[in-house]
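Engineer: Attaching a single structure in structure tokens format; questions to follow.
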Amino acid sequence: MVIFIFALYCALAITIVYVSDALLKIQYTEFSLVWKRDKRPRGYFFVPKGSSVASFWERAHKDVDSQYDWVKGHQRAARLFRIYKALKRVFIGFTIVLIPLMLVLKVFGY
């Protein structure tokens with residue numbers, strides 16, 4: 001049971017990383033001026049030439065409710081952002097609720 005919960009947690013984290021990188025790739029390829037204005041952020045695995053680690057961390061910890069302006073006018077980016085937002089909320093909920101539950105199950109031998 002604990003291994004299954006941990007596997008779900010890891011799969012969710014990997015999916016968030018994938019969606020986040022896909023959003024960044026759209027910004028980099030189709031909105032390069034905005035990408036430059038945002039201090040040239042890099043992704044987890046998508047690392048464009050000239051990107052910045054500092055802006056990566058700033059972007060990674062940005063409030064999930066704040067939507068980027070460039071996303072509103074792009075259909076695929078808007079869909080990916082909605083998915084990203086939902087996954088991030090599930091991940092936070094998973095962390096708050098299920099990780100302590102997993103620890104309790106482990107302590108009691110489940």
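The values are calculated or read from the model by the stated rules, or taken from the named source; none is laboratory data. In this text, all values refer to a predicted model and were calculated from it rather than measured experimentally. Quick reminder, even Gly has a Cβ in these numbers, built from the backbone with ideal geometry, and neighbours come from all protein chains shown.
Engineer: So, of the residues in segment 25-35 that are modelled with pLDDT of 90 or more and out of contact with any Asp or Glu (no Cβ under 8 Å at 6 or more places or on another chain), which turns out to be farthest from Arg79 (Cα to Cα)?
Structural biologist: Here is the first cut: in segment 25-35, the residues modelled with pLDDT of 90 or more are 25-33.
Subset that is out of contact with any Asp or Glu (no Cβ under 8 Å at 6 or more places or on another chain): 25-26, 28-33.
Details: Lys25: 14, Ile26: 12, Tyr28: 17, Thr29: 17, Glu30: 16, Phe31: 16, Ser32: 20, Leu33: 21 Å.
So, considering only residues that are modelled with pLDDT of 90 or more and out of contact with any Asp or Glu (no Cβ under 8 Å at 6 or more places or on another chain), the one farthest from Arg79 (Cα to Cα) is Leu33.
Engineer: Could I ask something else about it? Residue check: is Ile99 in a helix (DSSP H, G or I), β-branched (Val, Ile, Thr) and modelled with pLDDT under 85? Let's see the steps before the verdict.
Structural biologist: On the way: in a helix (DSSP H, G or I): yes; β-branched (Val, Ile, Thr): yes; modelled with pLDDT under 85: yes.
In short, yes.
Engineer: Against the condition among the acidic types (Asp, Glu), on the phi < 0 side of the Ramachandran plot and modelled with pLDDT of 90 or more, how does Asp21 come out, does it pass?
Structural biologist: Numbers: among the acidic types (Asp, Glu): yes; on the phi < 0 side of the Ramachandran plot: yes; modelled with pLDDT of 90 or more: yes.
Judged against the criteria, Asp21 is a match.
Engineer: Can you tell me which condition Tyr44 does not meet? The list is (1) touching an Asp or Glu at 6+ places or on another chain (Cβ under 9 Å); (2) modelled with pLDDT under 90; (3) exposed (fewer than 12 other Cβ atoms within 10 Å of the Cβ); (4) of a type outside the set (Val, Ile, Thr), and all the others hold.
Structural biologist: For Tyr44, the failing item is (3).
Engineer: Let me ask you something else. Condition (residue is touching a residue at least 60 places away in the same chain (Cβ under 8 Å), of a type outside the set (S, T, N, Q) and touching a helix residue (DSSP H, G or I) at 6+ places or on another chain (Cβ under 9 Å)) applied to segment 19-36: is it met by at least one residue?
Structural biologist: First pass over segment 19-36, keeping only residues touching a residue at least 60 places away in the same chain (Cβ under 8 Å): 19-20, 23.
Remaining after also requiring of a type outside the set (S, T, N, Q): 19, 23.
Then drop every residue that is not touching a helix residue (DSSP H, G or I) at 6+ places or on another chain (Cβ under 9 Å), which leaves 19, 23.
Yes - at least one qualifying residue is present in segment 19-36.
Engineer: Checking the structure you have, find out if any residue of segment 64-85 is within 13 Å of the chain's Cα centre (by Cα), within 22 Å of Ala11 (Cβ to Cβ) and either at pLDDT below 85 or loosely packed, with under 10 Cβ neighbours inside 10 Å (or both).
Structural biologist: Yes - at least one qualifying residue is present in segment 64-85.
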